[in-house]
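K.L.:
Below are the structure tokens for one structure; questions will follow.
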Amino acid sequence: MSRLFKVLKATQFKYVSSFLLGSTISGGLSSTSTTPITAAPPLQYGDVSKAISEITSKLGSSKITFSESEILHHSDSSFSTDHAKPHERPHAVVYPESTEDVSEVLKICHTLKVPVVPFTGGTSLEGHFISTRNGISVDLSRMNKVLAIHPEDLDAVVQPAVGWEELRDTLSDYNLLFGPDPGPGACIGGMVATSCSGTNAARYGTMRENVVSVKVVLPDGTIVKTKRRPRKSSAGYNLTNLFIGSEGTLGIVTEVTLKLNVKPKYESVALVSFDKLKDAAGSVTSFVQEGLQLNAIELLDDKMVHFVNESGETDLKYDELPTLLLKIGGSSPESVNLLIKTVERIVNANNAKTFKFASNEEEKYQLWNARKTALWSTIEYGRRNIDKDIQVWTTDVAVPMSKFVEAVEETQKEIEESDLLASIVGHAGDGNYHTVILFKEEQRALAAKLVSNMVDRALAFDGTVSGEHGIGVGKKEFLIDEVGQESVDLMRKIKFSIDPHKILNPDKVFSIDPVNDRSI
């Protein structure tokens, strides 16, 4: 072998290796499988005005706005835990109408190194759509079609701005349902991004269990479909799961194939009240440990029931006690009745005070709507009874079911000993619970301490810092506590390899700038 050939082969190997390891020839070969923040280069973004000009030229002026009201709408929300700083606003909002539009936007922004923040329903709670590095907001609201429903295969193909409530209503004509049901207004794209769940999680799981595949546009504009429609596949890496829960940091989802379920033929909704929260939580643990397949198990403490009563969201009034809302379903009246008897035995063993059923469809709706609007009921109560400028901090954790009672009880005790008005509510069937904290600005440190202790408690019980809300801006340090610095460094390595210019939803999930980090 000639010396020249050896040199050429060595050079080729260095180039290919550098590319695969996420480094350049000039920067030298990467020697590690992870990227600590100390090894990350400072962020360097480009000319946003040039990007806006090119996007306008490519997509047309009807797909971009500089309206002050739209800029504000895409900057922050009143119910988010983490808020934008005064300068954290997008320079423009772009409204793509197709996957190809999204691809064109990202090609331009990748080339010019301009930050991009995706936006669908805007209902996330951890500051996910704050434009921490300005740039542009990509609002997918015009991509709102149900593209296909395959009843025989129990799946549907939808665009990202389809709301889960709209999908629920559409599927009802087919006697089908989509499992995840988070707060009102949530859209499928954001639900994929946070891997959320909702009240049906005990039976149907989270988004991670209900997404078959996604079509996603990568930061450089490349369009990828992660897999085909079969439920079962061992072909290659599980790219679908890579994007679920990535909070818009790896790509923009433009199409989702969803797993569907047949609606229960028979379903009853029950309300069970207790004198003590620990007894309500203990009933939930018993349901799970006895293997009961209930369709939904929701926990509300006495304060949350009070907020619901005061809200006027329902014509009914409930005993202001710790309460379980249950959906008990089956294929026949006999199977439902058998489940009801088992549920009744368990709750009575846990000192249930009342056990009532919705008497008709309207009452079923009102019972469940009271739970679905719990956050809004709390905010409205605070504004009306405490301060019109009251702030809300809603956070969630999840713990193994064997630790659920202890975790909830300790959280309740800390709330009662604090000077804060807060409630506990949860998708209790999978160990997930939330606190909704009302506070004035001068009480922010108290609220932050309550949240920090709640997270520490969950981790001490081998739980997670977020069951369904995601990490966003505010829980980045908690994520390190949960999975370890090495795991976060691996996530950063993946991010930097897919998004080398760090343009997609910067500062979410983990830090990307060693010089000027964005935290709360």
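The values are calculated or read from the model by the stated rules, or taken from the named source; none is laboratory data. Predicted model only: the values in this text are computed from it and were never measured. Here Cβ is always computed from backbone atoms with ideal geometry, including for glycine, and neighbour counts include all displayed protein chains.
K.L.:
In region 302-323, which residue that is of a type in the set (D, E) and part of a loop (DSSP other than H, G, I, E, B) is nearest to D181 (Cα to Cα)? Write out each step before concluding.
P.N.:
Just the residues of region 302-323 that are of a type in the set (D, E), to begin with: 302, 310, 313, 315, 319-320.
Keeping just the survivors that are part of a loop (DSSP other than H, G, I, E, B) gives 313, 315, 319-320.
Details: E313: 18, D315: 23, D319: 25, E320: 25 Å.
Among them, the one singled out is E313.
K.L.:
Considering only region 432-468, state which residues are within 21 Å of the chain's Cα centre (by Cα), closer than 19 Å to F79 by Cβ and in a helix (DSSP H, G or I).
P.N.:
A448, V451, M454
K.L.:
Considering (1) within 17 Å of G470 (Cβ to Cβ); (2) surrounded by fewer than 17 Cβ atoms within 10 Å (Cβ to Cβ), say which one K263 fails and leave the rest.
P.N.:
(1)
Each row is one residue, and each column tells you yes or no for (1) touching a Pro at 6+ places or on another chain (Cβ under 8 Å); (2) more than 26 Å from D419 (Cα to Cα); (3) among the β-branched types (V, I, T).
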site	(1), (2), (3)
K449	no, no, no
D456	no, no, no
S466	no, no, no
G474	no, no, no
I480	no, yes, yes
E486	no, yes, no
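K.L.:
Here's something else I'd like to know. For region 194-239, enumerate the residues that are closer than 26 Å to E100 by Cα, crowded, with 18+ Cβ neighbours inside 10 Å and polar (S, T, N, Q).
P.N.:
Listed by number, the residues that qualify are T194, S195, N210, S213, T226.
K.L.:
I've got another one for you. For residues in region 49-75 being of a type in the set (D, E, K, R) and in contact with a strand residue (DSSP E or B) (Cβ under 9 Å, 6 or more places away or on another chain), which is surrounded by the fewest Cβ atoms within 10 Å (Cβ to Cβ)? Reasoning before the result, please.
P.N.:
The initial filter retains those residues of region 49-75 that are of a type in the set (D, E, K, R), namely 50, 54, 58, 63, 68, 70.
Keeping just the survivors that are in contact with a strand residue (DSSP E or B) (Cβ under 9 Å, 6 or more places away or on another chain) gives 63, 70.
Details: K63: 18, E70: 16.
Per the stated criteria, the residue is E70.
K.L.:
Oh, and also: Quick one: in region 266-300, of everything that is among the acidic types (D, E) and more than 24 Å from P180 (Cβ to Cβ), which residue is surrounded by the most Cβ atoms within 10 Å (Cβ to Cβ)? Spell out the reasoning first.
P.N.:
Residues of region 266-300 that are among the acidic types (D, E), as a first pass: 267, 275, 279, 290, 298.
If we keep only those that are more than 24 Å from P180 (Cβ to Cβ) too, we end up with 275, 279, 290.
Values: D275: 13, D279: 20, E290: 11.
Among those residues, the one meeting the criterion is D279.
K.L.:
Out of L326, L299, L294, L338, which single residue is of a type in the set (A, V, I, L, M), touching a residue at least 40 places away in the same chain (Cβ under 8 Å) and outside any strand (DSSP E or B)? Write out each step before concluding.
P.N.:
Values: L326 fails: outside any strand (DSSP E or B); L299 fails: outside any strand (DSSP E or B); L338 fails: touching a residue at least 40 places away in the same chain (Cβ under 8 Å).
So the residue among L326, L299, L294, L338 that is of a type in the set (A, V, I, L, M), touching a residue at least 40 places away in the same chain (Cβ under 8 Å) and outside any strand (DSSP E or B) is L294.
K.L.:
Out of the residues in region 195-234 that are in a loop (DSSP other than H, G, I, E, B) and within 17 Å of the chain's Cα centre (by Cα), which is farthest from V425 (Cα to Cα)? Spell out how you get there, then give the answer.
P.N.:
We begin by selecting, within region 195-234, every residue in a loop (DSSP other than H, G, I, E, B); these are 195-197, 199-200, 205-206, 210, 218-222, 226-234.
Those left that are additionally within 17 Å of the chain's Cα centre (by Cα): 195-197, 199-200, 205-206, 210.
Working: S195: 19, C196: 16, S197: 14, T199: 11, N200: 14, G205: 18, T206: 17, N210: 24 Å.
That would be N210.
K.L.:
Follow-up. With G248, G236, G291 as the choices, which residue is in the same structural domain as L218 (by TED's automatic domain parsing) and farther than 30 Å from R133 by Cβ?
P.N.:
Working: G248 fails: farther than 30 Å from R133 by Cβ; G291 fails: in the same structural domain as L218 (by TED's automatic domain parsing).
Being in the same structural domain as L218 (by TED's automatic domain parsing) and farther than 30 Å from R133 by Cβ holds for just one of G248, G236, G291, which is G236.
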